[in-house]
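The values are calculated or read from the model by the stated rules, or taken from the named source; none is laboratory data. Just so you know, these numbers come straight off a predicted model, no measurement behind them. No Cβ is skipped: glycine too gets one built from the backbone with ideal geometry, and neighbour counts run over all protein chains shown. What goes into the accessible areas is simple: the full protein's heavy atoms, side chains included, and nothing from ligands, DNA or RNA. Shrake-Rupley method; radii C 1.70, N 1.55, O 1.52, S 1.80 Å.
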Amino acid sequence: MAQAEDFADLLDYPMYIVTAASGGNRSGCLVGFASQCSISPERYMVWLSKANRTYRVARSASFLGVHLLTPDQHGLARLFGEKTGDTTDKFDGVPWHGGIGGTPVLAGVPAWFVGRVERRTDGGDHVGFLLSPVDGDARAARRGALLRLSDVLDLSPGHPAD
């Protein structure tokens, strides 16, 4: 197991805020496990921890929002990564609008998309949501100017990882 942990310690992937809305509830969390997983058709997989409220809302959501951040948006990452939606309305005071299916879309991020949930896959303590993009905007993004895991190592999760 130590060798796998050593491998994971080398990774410095982008961080995302994933948002969901369902049944009159909205939620969002900071996510590190996400990737494009198909070119044609275009598909993305985002993994949500079973421990957090965003997962509970996303279980019945038809769409999820996926947002990239820049390093200067560390405060937004802190809000969505350290606070729990169980006790905090993370959207209070944060500019956003309702996207497709009522999915919260954060304003001021360099890139985002809303994806239709095609499938859910249990991966252990996280569940993968396979998404087909249906709307988005990446005009403000610059390659290489994204918030990465190494930028948020100082954050304490709102829920334990396991």
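Between the listed residues Val127, Gly102, Cys37, the Cα displaced farthest toward the positive end of the dipole of region 1-155, a dipole computed from Cβ unit charges relative to the Cα centre, is found at Gly102. The region of the chain that goes longest without hitting one of the trypsin sites (Lys or Arg not before Pro) in a DSSP loop, each with at most 10 other Cβ atoms within 10 Å, is 1-138. For Asp135 and Arg59, a Förster radius of 25 Å and the Cβ-Cβ distance give a FRET efficiency of 0.70, rounded to the nearest 0.05. Between the labelled values (1) 40, 17, 13; (2) 32, 17, 12; (3) 21, 18, 18, the entry that holds semi-axes √(5λ) of the Cα gyration tensor in Å as derived from this structure is (3).
Inverting the pair-averaged 1/r between distinct Cα atoms of region 22-106 gives 13.8 Å as its Kirkwood hydrodynamic radius. For the chain, carbon and sulfur atoms together expose 51% of the accessible surface, with a 1.4 angstrom probe and every protein chain in place. Measuring spread by the Cα atoms of region 1-54 yields a radius of gyration and Dmax of 14.2, 44 Å. Based on C-alpha pairs under 8 angstrom that are at least 6 apart in sequence, the chain has a relative contact order of 28 percent. About its Cα centre, region 1-103 has a charge dipole of approximately 520 debye under the convention of +1 per Lys or Arg Cβ and -1 per Asp or Glu Cβ, with nothing else charged. Using the Cβ-Cβ distance between Thr84 and Glu5 with R0 set to 30 Å, the FRET efficiency works out to roughly 0.70. Once the Cα-Cα distance is subtracted from the 0.36 nm per residue extended length, the Cys37 to Asp12 segment shows a gain of 7.2 nm. Taking a ≥ b ≥ c as the square roots of the Cα gyration tensor eigenvalues, region 64-114 comes out oblate, since a/c reaches at least 1.5 and a/b does not exceed b/c.
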